[in-house]
1. Going through the cross-link list Lys100/Lys173; Lys124/Lys184; Lys57/Lys191; Lys124/Lys194; Lys124/Lys187; Lys124/Lys191, which pairs have a Cα-Cα distance over 21 Å in this structure?
2. Rounded to the nearest whole Å², what accessible area per residue is found for the chain with the 1.4 Å probe?
3. On a 0 to 90° scale, report how tilted helix 175-207 is relative to the longest principal axis of the chain, with both axes built from alpha carbons and the result rounded to the nearest 10.
4. Considering only protein heavy atoms and a 1.4 Å probe, what is the carbon-and-sulfur percentage of the accessible area of the chain?
5. So for the pair Thr204, Asn12, with labels modelled 7 Å out along Cα→Cβ, what separation do we get in nm?
6. Leaving ligands, DNA and RNA out of it, work out the accessible area of Thr9 with a 1.4 Å probe and give it in Å² to the nearest 10.
7. To the nearest 10 degrees, how steeply does helix 23-45 sit against the main Cα axis of the chain, on a 0 to 90 scale?
8. Give the calculated FRET efficiency between Met163 and Ser4 to the nearest 0.05, with a Förster radius of 25 Å applied to their Cβ-Cβ distance.
Amino acid sequence: MIGSQTIETWTNNLASKAPVPGGGGASALAGALAAALGQMVANLTVGKKRYADVEEKMRQSLAALDILQQELLALADKDAEVFAPLAAAYALPAQTEEEKAKKAAVMEERLLDASLVPLQIMEKSFEVLDILQLLGQKGSRMAVSDAGVGAQMARAAMTGAVMNVYINTKSMKNREKADEINRKADKLLEKSTKLADEIYAAVTAVLREGNT
């Protein structure tokens, strides 16, 4: 479980030749870090007279981001959980026609599972990104750079997770289902990179005000 490990332990496991954790888990962790940064911005905004008009929105953002952070950490574990059975499926015997058919069916099922988890990571990370836009606009100016960093972490989560979608859908025999998943991923990727770039531009403009 990622939540019970130290950062050093988890990153050492990531650096090893062990099959998990991998890029999917790292993408989910990036999304969780984005959510945590958003919570920090909201926490620095709540209770400040200057931001009284957005107090309720900040509290709502805090609650939503806390849930998203936990969901993304759970998805980091889930990514590892679905990869192990997929890796095992590659080693299934395929000598007879019956074995080949069984292996193909198992592979298809496990490839689907391994495709859907990174898609979920993308969906949750986009939700984080959407909240970060609000925080960058309405949150404490003292923490605007943190909203920007959070947006970039969410962007990395999205662009990382989509590669884990593609690597699994490319091997699926059910091309209709694979194309459906890819279309969802493509749409999320397009929306998220555009939004992340907009947040980055807005935050850096605020940070560079007066610096000419």
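1. Details: Lys100/Lys173 14 Å; Lys124/Lys184 13 Å; Lys57/Lys191 23 Å; Lys124/Lys194 16 Å; Lys124/Lys187 14 Å; Lys124/Lys191 13 Å.
Over 21 Å apart, Cα to Cα: Lys57/Lys191.
2. 55
3. Result, in degrees: 20.
4. So the carbon and sulfur contribution to the accessible surface is 56 percent.
5. Roughly 3.7 nm, to one decimal.
6. About 60 Å², rounded to the nearest 10.
7. Once rounded, one gets 20 degrees.
8. Given R0 = 25 Å and the Cβ-Cβ separation, E is 0.40.
The values are calculated or read from the model by the stated rules, or taken from the named source; none is laboratory data. Predicted model only: the values in this text are computed from it and were never measured. Methodologically, a virtual Cβ is constructed for each residue, glycine included, from the backbone with ideal geometry; neighbour enumeration extends over all protein chains shown. Note: accessible area is taken over every heavy atom of the protein model, side chains too, but ligands, DNA and RNA are not part of it. Shrake-Rupley method; radii C 1.70, N 1.55, O 1.52, S 1.80 Å.
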